[in-house]
Amino acid sequence: MAMKDEATLILNLYELRREATMRTARDWFAREFHPESIADIEKVVYSEHSGHFRMVIGYWDMAAALVNNGAISVQLFTDTNGEHFGVFGKMEPFIKDLRKMFGGNFLLQLEKLIDATSGGRERAVAVRERMKAIRARLAAAKD
């Protein structure tokens, strides 16, 4: 694919991320959703945040599919995005159970993209651990 077409797709994906409902969903996912068990995820799926959860997961899996199918290069995608590492890092400990619950393709495209990215798994783990440390510092500051 031509660089101009890839750039257009990247900008279109960025615009989708800025849409009001998507922004609310992303904020909720980043700031309020911190699953520690599969039960935490299952609770969310059947709560008022179900749409937020599905929107974020669906968006990043769709964006990853564009990369995995050659519409956007891995390099350009990772040069212009980083949030997908946090999303995958948050969900990765539960992937096997989630695939049993929701089907074998759950987050499959995002996982393929993470694995196609040099150091992708390590980066996802690092983001997960960094966010956990930040939450702990913020909680300690409240006390």
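Quick notes on this one:
- Hits in segment 96-141 - residues which are surrounded by 15 or more Cβ atoms within 10 Å (Cβ to Cβ) and of a type in the set (D, E, K, R): D97, R99, E111, K112, R121, R123, R128
- Considering segment 38-87, and only residues there that are without any contact (Cβ under 8 Å) to a residue 24 or more places away in the chain and among the hydroxyl-bearing types (S, T, Y), the residue that is nearest to L13 (Cα to Cα) turns out to be S50.
- Among the helices (runs of 4 or more DSSP H) confined to segment 17-121, the ones with at least 2 residues that are of a type in the set (F, W, Y) are located at 20-31, 50-68, 83-91.
- Residue within segment 32-53 that is surrounded by 15 or more Cβ atoms within 10 Å (Cβ to Cβ), closer than 13 Å to L110 by Cα, of a type outside the set (S, T, Y) and in contact with a helix residue (DSSP H, G or I) (Cβ under 8 Å, 6 or more places away or on another chain) present: no
- As a summary of the residue check, M101 satisfies the conditions (1) at pLDDT below 95; (2) farther than 21 Å from K43 by Cβ except for the one numbered (2).
Quick grid of which residues meet (1) of a type in the set (A, V, I, L, M, F, W, C); (2) touching a residue at least 24 places away in the same chain (Cβ under 8 Å); (3) more than 16 Å from W60 (Cβ to Cβ):
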position	(1), (2), (3)
K96	no, no, yes
K100	no, no, yes
L107	yes, yes, no
L110	yes, yes, no
L113	yes, yes, no
G120	no, yes, no
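- Qualifying residue in segment 49-67 (condition: over 26 Å from A116 (Cα atoms) and touching a Phe, Trp or Tyr at 6+ places or on another chain (Cβ under 9 Å)): yes
- A residue that is among the hydrophobic types (A, V, I, L, M, F, W, C) and not in a helix (DSSP H, G or I) occurs nowhere in segment 122-131.
The values are calculated or read from the model by the stated rules, or taken from the named source; none is laboratory data. All figures in this text were calculated on a predicted structure; none of them were measured in a lab. FYI the Cβ positions are ideal-geometry reconstructions off the backbone, even for glycines, and counts take in every protein chain you see.
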